[in-house]
């Protein structure tokens, strides 16, 4: 009876709101897992709830964290503070994006899209170059080949050779034949190792999510674990 009481009403000290939250989360979790059997209305309902709640959450977050502090407050500042009139231009671009719903004015949204794509490409190109490309080159060229034990030196040499072989694979100005082709194949091996490690890391992350949901169902909802 104690287990049934905890299952229906929650553990002692648990508020009704928390109990209802557990039940809603458990039902939606099981609804999503029902897709493992086949597509069904219960899964589609849970999917729609997830998409709707996620869209509403991000809309509210963007409104309070972006629009209000970066657009509305600078344009309509409190008394005694200057108005940042130039903030009107991002607001105009945002309005242009909404004009995609009106066919006759939808062409104005291309200005906003062009600005977003251009700025995103420019910012991320320099960020990637300094954060990944230059850092990788610096680490490769400054890797000590004489410090540490034999295993450390071997790993450093393998890393340098792997970088060179991978770069050779992406060198398309000459056909990959002979020695160049052999080095390119070594580069492919390093790429496959990197992709495999990345995929394994992703799978581990998804398995961790599965363990978390199963722990929630068995411990917090069913009270079969302590």
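Computed from the coordinates by the stated procedures, all read-outs in this text should not be read as laboratory data. The structure displayed is predicted, hence computed values, not measured ones. In this analysis, Cβ positions are derived from the backbone assuming ideal geometry, glycine residues included, and neighbour counts consider all displayed protein chains.
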Report summary line: Debye calc, one equal point scatterer per Cα of the chain, no solvent, log10 I(q)/I(0) at q = 0.14, 0.15 1/Å comes to -1.07, -1.09
Query - Volume of the Cα convex hull of segment 93-142, divided per residue and given in Å³ - result: 60 Å³
Requested in this report: First measure r as the distance between the Cβ atoms of residue 104 and residue 32, then evaluate 1/(1 + (r/R0)^6) with R0 = 41 Å and state the FRET efficiency to the nearest 0.05.
Outcome: 0.50
Query - Percent of Cα-Cα distances greater than 23 Å, calculated over segment 1-83 - result: 55 percent
Report summary line: Dividing the mean separation of Cα pairs under 8 Å (6+ apart) by the residue count of the chain yields a relative contact order in percent of 14 percent
Query raised in the report: Measuring from centroid to centroid over Cα atoms, what is the spacing of segment 45-92 and segment 171-188 in Å?
Result: 51 Å
Requested in this report: Could you work out how far apart the two model spin labels at residue 157 and residue 14 are, taking each label as a point 7 Å from the Cα in the direction of the beta carbon, and quote it in nm?
Outcome: 6.0 nm
Query raised in the report: Given 0.36 nm per residue, what is the gain on full extension from residue 171 to residue 223 after removing their alpha carbon distance, in nm?
Result: 12.8 nm
Query - Estimated 222 nm signal from helices in the chain, with DSSP H stretches of n ≥ 4 weighted -39500 (n - 2.57), rounded to 500 - result: -21500 deg cm²/dmol
